[in-house]
1. In what sequence, largest accessible area first, do Arg53, Arg84 appear using a 1.4 Å probe?
2. Got a number for carbon plus sulfur as a percent of segment 56-104's accessible area, 1.4 Å probe?
3. Tell me the accessible surface of Val85 in square angstrom (1.4 angstrom probe, heavy atoms of protein chains only), to the nearest ten.
4. Extending each Cα 7 Å along its Cβ direction at Trp24 and Ala74, get the distance between those two points in nm, one decimal.
5. I'd like the distance between the alpha-carbon centres of segment 95-109 and segment 50-72, rounded to an integer number of Å.
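The values are calculated or read from the model by the stated rules, or taken from the named source; none is laboratory data. None of these values were measured; they are calculated from a predicted model. Quick reminder, even Gly has a Cβ in these numbers, built from the backbone with ideal geometry, and neighbours come from all protein chains shown. Remember, those area values only see protein heavy atoms, side chains included, never the ligands or the DNA or RNA. Shrake-Rupley method; radii C 1.70, N 1.55, O 1.52, S 1.80 Å.
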Amino acid sequence: MSNAQIVYPPAVYETTWLQQAKLWLIQHVGLEKDALHIYLALFLLFGSVWLFRWSLRSWKPFALILAVALIGEAWDIRDGLLTRVPLVVSVPMSIHDIWNTMFWPLAILLLARFTPVFGVRSDVVQEREAE
């Protein structure tokens, strides 16, 4: 086997301001990056439900979180390209981050839509009223 290392050309930027802000947040909050993705997703989920009066059963909070996650990961990939991070490295990391961000909002959406965990479903109420 060869001990040769891959040598990339010098980065256009050392670190972008967005990445510096994330690093600052990680250092000062005391949470790992993956945990921050989960907290942000739950904050957006419950914050949008409260602020816009959306139902947890609605697709709207989920779509908002997905849009924010996709925009954030596109920005991360862009920053990676500026700092010479190859796509073969940054794209799998972004997919992991999107999955990590969307897991609990999806689980809550499915629980709200298909179980009585977050209250009685409207179709159950209509059946009870018809009796």
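1. Details: Arg53 180, Arg84 95 Å².
Descending accessible area places them as Arg53, Arg84.
2. Solvent-exposed carbon and sulfur of segment 56-104 make up 81 percent of the total.
3. Surface open to solvent at Val85 totals about 50 Å².
4. Label at Trp24, label at Ala74, 2.5 nm between them.
5. Distance between centres, Cα-based: 12 Å.
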